[in-house]
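Student: Quick one: this structure, given as structure tokens, is what I'll be asking you about.
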Amino acid sequence: MTIKSDLPQGTLDLLILKVVALGPVHGYAIAQRLQHVSQYVVRVPQGSLYPALHRLENRGLLAADWEETETGREAKFYRLTRQGRAQLEKEAASWERLTKAVGLVLKMSEGGAE
Amino acid sequence: MTWWHRLWRQRQLEEQLDKEVRFHLDQHAADLVARGYDPQDARRQALLALGGSEQVKEECRDARGTRWLEDLAQDLRYAIRTLRQRPGFAAVAIVTLALGIGGTTVMFTVINGVLLRPLHFPGPDRLLTLNEQTKGITDYRWGDLWAYSYPNYLDCKQESRTLDMAAWRYNGGTVSAPGAAEHVDGVEMSSELFPILGLSVARGRTFSPEDDRPGAAPVAIISHGLWQRQYGGSPAAIGRPMVFEGQSYTVIGIAPPGLRLAFDADVFTPIGRNTSAFMLRRDSHPGIDVWARLKPGVTPSEAQTELAVIGRRLAAQYPKTNAGRGFLARPLRQELVVEQVGDDRGKLWLLLGAVSLVLLIACVNVASLLLARAISRQRELAMRVALGASRGRLARQCLTESALLGLAGGLLGVWIATLGSRPFVALWPGGLARAAEVQLDWHVLLFALGVSLLCGLLFGLAPALRAPTRDLEQILRAGVRTLAGSSRRLHSGFVVSEIALAVVLLVSAGLLGQTLLRLSSLNPGIDIRNLLVTRAALAPSILANPARIPSAWQELLDRLRRVPGVQSASMVDTVPMREGNNQIGYWTNAAVPEKHQMPLALSSSVTPDFLNVMGIALREGRFFDDHDRMGSKPVIVIDEVMAQHAFGNQDPIGKHLWIPDMPCIGPKGETFYDCTEPYEVVGVVGHVRYWGLAGDDQARVRDQFYYPFAQVPDHFLPRWSELMSIVVRTRIPPLDLLVSLRREARGAAGDQVLYQVNTMEQLAGKSLAEQRFLLLLFGLFAGLALLLACIGIYGVLAYITSRRVPEIGVRMAFGASARDVVRMVLRQSLVMIIAGVAVGVAAALVAARLLEHQVEGVRSVEPWTFAIMICVLVAAALFASFLPARRASRVDPMRALREE
């Protein structure tokens, strides 16, 4: 059994943007993919997925169209806008900087303890 | 998608949200079933994973960012529903507010049009008015500013690189062909005037520079109105002749309807053709108006600097006339708005202030009504707080309700303003300058909206702040019939302020009434009954030949005297209580000082009948007779005020006065204003209230003297004849004789007209018109305030006593009589009334001061005015409180106690 950790504040938006960047996708698929990709390490609260999607749509980072799925049902497909792509790049870069910095700090304190 | 868009498509968004969530759940459940779950279990699992479909939806709605709007819509629906539950309350509140807001909006519409709107010319900010400015010499009225002389204008215009300049002057006269003869107002103007102002003609053409020079063929532009009257609106009028002041002009253009410069004129002619001697003088000239437009890219201060340079150069070139004389450019707005509107400005703001008081009373009234309702709704509100509504949310809802009331009142108020502004302007005594600018525009709408919302906030605040938060349990458990001390104090506060505001308006109205009573009982100094006053224009052919003028006037007077019903007739140049006057300085010995150091007197040239026709009292000596003529010693008659000023207690008869500005033949011949020979005082007559019944006491120049028209030298006669009026004393109501008088005056060529016809009674009435108009308005406002205050007192007392029914029941059970109860309630209301009166009297004294400054003839308020107005108020207020008091006294003690 893996230990699940909660998603840090603000990273849900980043993850959503990243998933949607791969191509138009509906909400359920986003939830599925987040779960698969994170290999159940990160607990994505399904309840906050939709409000987040709507918020991103309102901010103009996502756009949505109603399209048919392979099963023939109509679903709301989200895709990244140009503004959304820029935002994704910005946030991904800053995330990387942050994790690198945090990693460095953690290593340093380990070394200090020896 | 904008928030507005989202709100608009709310329904569609809701459907989509539902569909999206449903799709998620179905898909998840299907996946679980595929993995071997039982379908029902799968559905439950999916729902659990999502965390409840309704909760998710609600969070999505929040994410939309239109939450506050949805709340607002909900509040509005709620407010409309609660207002519709009590239509009586809503109607009273809305009508009350509509009266207040409507009145304020009417006043603002007028102020906006008259004072705030830009000039009615394109590019109004770049228009300037130019004056000559002197150092040291000041005139009492215009200070150191003077009208331009024509040569100075020509020099400035030629040398200026910063300004496009144009000149004009008033030039009224008689149009005698092609239609019936009529006297019209006219303007002599330079050809640049229309282009500078951005004006054009509706038909034909404007003046070219070729029309505007000496010796050019006479051409004229006529107004739309004159075109209709003289040519029946025929397009063929262009190129046709028109006879104006005895000269034939070719009509070249017709002005668009409503065209006006500083006043409405009917005939426009080029000023450059005028070669009269006085036009060419730099001193003692009639004066012209100079208007200018800044050339592109030039600032006003650059133009002013240039004018100063030109002024210095002209002073060096013409030291005799131009030393110490410069030129000043001011915004044209200054002349057309500030100076033309003049004293009316203060009155307009005063009226806005007065009507704002009415609005304030209306607000207080509605506030107390709303508060009473809020208190009876306390349980409902407490219930909603208990169910989770925040205090802010409740306050917002209360404010929504009052804002809705305010806006409804405002809407009705704007409607009142659209109906009321025009009649208001039309009724303004003596006509309001820039009246044509008074119209509803977006400034007015914005004002009305602002006032409505402000009112809503003002009267909604108290109930909103009272939304309960603490002691919910107690409120919910307690009976409805409790009234906290704080709200009773608030209610009393409302009544006190209403009474105080009403006192201010009542005392102001009383003060104006007192003034009007006093003024109407004043003796004008003349017998105003059966007296007709009219200006008369001699035939232009006669004016061209000064030697014929005296006999022409004599003949005209004789013809008028022969009309049956006419008792006597006389000539005079300036008529009391009508616009226009002639003020000149005098001195009591030959060592005459500088012009501006002499005392001023009003001078009138008259014929010997004048005293009898007007009914002025002869105090001493004699009036003129036929022996006072050209060549006999120059004589004058002074009034008692001037006698006192000039000679104190000495006997004025036989004394001499030096009056250099009189029309006479001086040592250098027939020049202007250079009399060295003194005038002998032969009589003293009663003072005439020349400046009107109201204005005369405070007028700056009250000295009056008369001189014989027969002693005016020929040289001056054409000019004097333009100014002459005729006064006719009749045996029957004077206007009945008008037709026959006009017919007799016509003359041989049918081109002599009587114009500006008034009876002396009309003129005397007009001199009080302003006071009467203000009294009417203040009376209206005061009446409205009284009514509103009474409704307010009634409402508050009815409310307070209804809350006190159990207490009253107890009192009656313990033996209080109905009379005791009435007395108790009345005592309570009397305390509030007296407090209100005390505050109001203090404020009223301030208001009275304002009126004293703004309105002619108002003196300090008399005690009996205060007494009467306060009695009226207290009586009305007590009457309003009597009804709830009586109802309280009829309380059945048993039932009251059982209700508790």
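The values are calculated or read from the model by the stated rules, or taken from the named source; none is laboratory data. Note that the structure is predicted; figures quoted are calculated from it, not measured. Because the Cβ atoms are built from the backbone with ideal geometry, glycine has one as well, and the counts that use them run over all protein chains shown.
Student: Output yes when any residue across the range B:159-168 is over 30 Å from B:ALA372 (Cα atoms), more than 32 Å from the chain's Cα centre (by Cα) and part of a helix (DSSP H, G or I), and no when none is.
Tutor: yes
Student: Being modelled with pLDDT of 90 or more and more than 42 Å from the chain's Cα centre (by Cα) is the filter here; which residues of the range B:590-625 pass it?
Tutor: If the condition is that a residue be modelled with pLDDT of 90 or more and more than 42 Å from the chain's Cα centre (by Cα), then B:GLU620, B:GLY621, B:ARG622, B:PHE623, B:PHE624, B:ASP625 are the ones that fit.
Student: Could you pull out the residue among B:ALA386, B:ALA382, B:ALA435, B:ALA426 that is within 16 Å of the chain's Cα centre (by Cα) and touching a residue at least 12 places away in the same chain (Cβ under 8 Å)?
Tutor: That would be B:ALA435, the only listed residue that is within 16 Å of the chain's Cα centre (by Cα) and touching a residue at least 12 places away in the same chain (Cβ under 8 Å).
Student: Please go through (1) at pLDDT below 90; (2) surrounded by fewer than 22 Cβ atoms within 10 Å (Cβ to Cβ) for B:ARG535 and return the number of the only condition it doesn't satisfy.
Tutor: Evaluating B:ARG535 over (1) at pLDDT below 90; (2) surrounded by fewer than 22 Cβ atoms within 10 Å (Cβ to Cβ) leaves (1) as the failure.
Student: Criterion first (within 28 Å of B:PHE89 (Cβ to Cβ) and modelled with pLDDT of 75 or more) does B:LEU370 satisfy it?
Tutor: The answer is yes for B:LEU370.
Student: Separate question: Output the residue which, of all residues in the range B:243-266 that are at positive phi and in contact with a strand residue (DSSP E or B) (Cβ under 9 Å, 6 or more places away or on another chain), is surrounded by the fewest Cβ atoms within 10 Å (Cβ to Cβ).
Tutor: B:GLY246
Student: Okay, moving on. Search the range B:727-748 for residues being outside any helix (DSSP H, G or I) and in contact with a helix residue (DSSP H, G or I) (Cβ under 7 Å, 6 or more places away or on another chain), and hand back the single one that is nearest to B:ALA544 (Cα to Cα).
Tutor: So, considering only residues that are outside any helix (DSSP H, G or I) and in contact with a helix residue (DSSP H, G or I) (Cβ under 7 Å, 6 or more places away or on another chain), the one nearest to B:ALA544 (Cα to Cα) is B:VAL727.
Student: Do we find that B:VAL796 is farther than 29 Å from B:LEU348 by Cβ, modelled with pLDDT under 90 and in contact with a Phe, Trp or Tyr (Cβ under 9 Å, 6 or more places away or on another chain) in this structure?
Tutor: yes
Yes/no per residue for (1) within 15 Å of B:SER604 (Cβ to Cβ); (2) of a type in the set (D, E, K, R); (3) surrounded by fewer than 21 Cβ atoms within 10 Å (Cβ to Cβ):
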residue: B:CYS675; (1), (2), (3): no, no, yes
residue: B:GLU680; (1), (2), (3): no, yes, yes
residue: B:GLY686; (1), (2), (3): yes, no, yes
residue: B:GLN698; (1), (2), (3): no, no, yes
residue: B:PHE709; (1), (2), (3): yes, no, no
residue: B:LEU717; (1), (2), (3): no, no, no
residue: B:ARG731; (1), (2), (3): no, yes, yes
residue: B:LEU735; (1), (2), (3): no, no, yes
residue: B:VAL739; (1), (2), (3): no, no, yes
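Student: State which residue is nearest to B:PHE494 (Cα to Cα) when the search covers only the range B:352-364 and only residues that are in contact with a Phe, Trp or Tyr (Cβ under 8 Å, 6 or more places away or on another chain) and buried (at least 19 other Cβ atoms within 10 Å of the Cβ).
Tutor: For the range B:352-364, the residue satisfying everything is B:VAL364.
Student: Failed condition for B:GLY51, given (1) on the phi > 0 side of the Ramachandran plot; (2) loosely packed, with under 13 Cβ neighbours inside 10 Å; (3) within 14 Å of another protein chain (Cβ to nearest Cβ), with all others met?
Tutor: With (1) on the phi > 0 side of the Ramachandran plot; (2) loosely packed, with under 13 Cβ neighbours inside 10 Å; (3) within 14 Å of another protein chain (Cβ to nearest Cβ) applied to B:GLY51, the lone miss is (2).
Student: Still on this structure, I have one more. I'm checking my understanding of the structure. Among residues of the range A:46-80 that are of a type in the set (Gly, Ala, Ser) and in contact (Cβ under 8 Å) with a residue 40 or more places away in the chain, which one is nearest to the other protein chains (Cβ to nearest Cβ)?
Tutor: Per the stated criteria, the residue is A:ALA75.
Student: Here's something else I'd like to know. Is it true that B:ALA73 is within 14 Å of another protein chain (Cβ to nearest Cβ), surrounded by 13 or more Cβ atoms within 10 Å (Cβ to Cβ) and not acidic (Asp, Glu)?
Tutor: no
Student: Among the residues of the range B:159-191, write down those that are farther than 30 Å from B:PRO331 by Cβ and among the charged types (D, E, K, R).
Tutor: Selection gives B:GLU182 alone.
Student: A further question follows. Run B:ASP628 past the list (1) without any contact (Cβ under 8 Å) to a residue 24 or more places away in the chain; (2) surrounded by 15 or more Cβ atoms within 10 Å (Cβ to Cβ) and report the number of the one that doesn't hold.
Tutor: Just one mismatch for B:ASP628, condition (1).
Student: Could you check, for the range B:60-67, whether at least one of its residues is modelled with pLDDT under 85, away from every other protein chain (no Cβ under 11 Å) and in a helix (DSSP H, G or I)?
Tutor: yes
Student: Name every residue in the range B:553-583 that is farther than 20 Å from B:GLY686 by Cβ and in contact with a Gly (Cβ under 8 Å, 6 or more places away or on another chain), in order of residue number.
Tutor: Listed by number, the list holds a single entry, B:LEU556.
Student: Among the residues of the range B:570-590, count how many are of a type outside the set (D, E, K, R), part of a loop (DSSP other than H, G, I, E, B) and in contact with a helix residue (DSSP H, G or I) (Cβ under 9 Å, 6 or more places away or on another chain).
Tutor: Going through the range B:570-590 one residue at a time, the tally reaches 8.
Student: Let me ask something additional. Please give the number of the condition B:GLY747 fails out of (1) within 20 Å of B:ALA601 (Cβ to Cβ); (2) more than 38 Å from the chain's Cα centre (by Cα); (3) buried (at least 19 other Cβ atoms within 10 Å of the Cβ); (4) not aromatic (Phe, Trp, Tyr).
Tutor: Here B:GLY747 clears every test but (1).
Student: For the range B:125-135, give me each residue that is at pLDDT below 90 and of a type in the set (Lys, Arg).
Tutor: B:LYS135
Student: May I pose another question? Looking at (1) out of contact with any Leu (no Cβ under 6 Å at 6 or more places or on another chain); (2) under 27 Å from B:ALA569 (Cα atoms); (3) modelled with pLDDT of 90 or more, can you tell me which one B:GLN650 breaks?
Tutor: Failing condition for B:GLN650: (2).
Student: With within 14 Å of another protein chain (Cβ to nearest Cβ), assigned to a helix (DSSP H, G or I) and of a type in the set (A, V, I, L, M) as the only criterion, which of B:VAL92, B:VAL56 stands out?
Tutor: B:VAL56
Student: Ok, one more. Return only the number of the condition from (1) hydrophobic (A, V, I, L, M, F, W, C); (2) touching a residue at least 12 places away in the same chain (Cβ under 8 Å); (3) part of a helix (DSSP H, G or I); (4) farther than 18 Å from B:ALA167 by Cβ that B:VAL309 does not satisfy.
Tutor: B:VAL309 satisfies every listed condition except (2).
Student: For the range B:1-32, how many residues meet the condition of being surrounded by 15 or more Cβ atoms within 10 Å (Cβ to Cβ), more than 10 Å from chain A (Cβ to nearest Cβ) and modelled with pLDDT of 85 or more?
Tutor: Selection size over the range B:1-32: 2.
Student: Within the range B:81-124, track down each residue that is surrounded by fewer than 18 Cβ atoms within 10 Å (Cβ to Cβ) and either basic (Lys, Arg) or modelled with pLDDT of 90 or more (or both).
Tutor: Answer for the range B:81-124, where residues must be surrounded by fewer than 18 Cβ atoms within 10 Å (Cβ to Cβ) and either basic (Lys, Arg) or modelled with pLDDT of 90 or more (or both): B:ARG81, B:ARG84, B:ARG86, B:ARG117.
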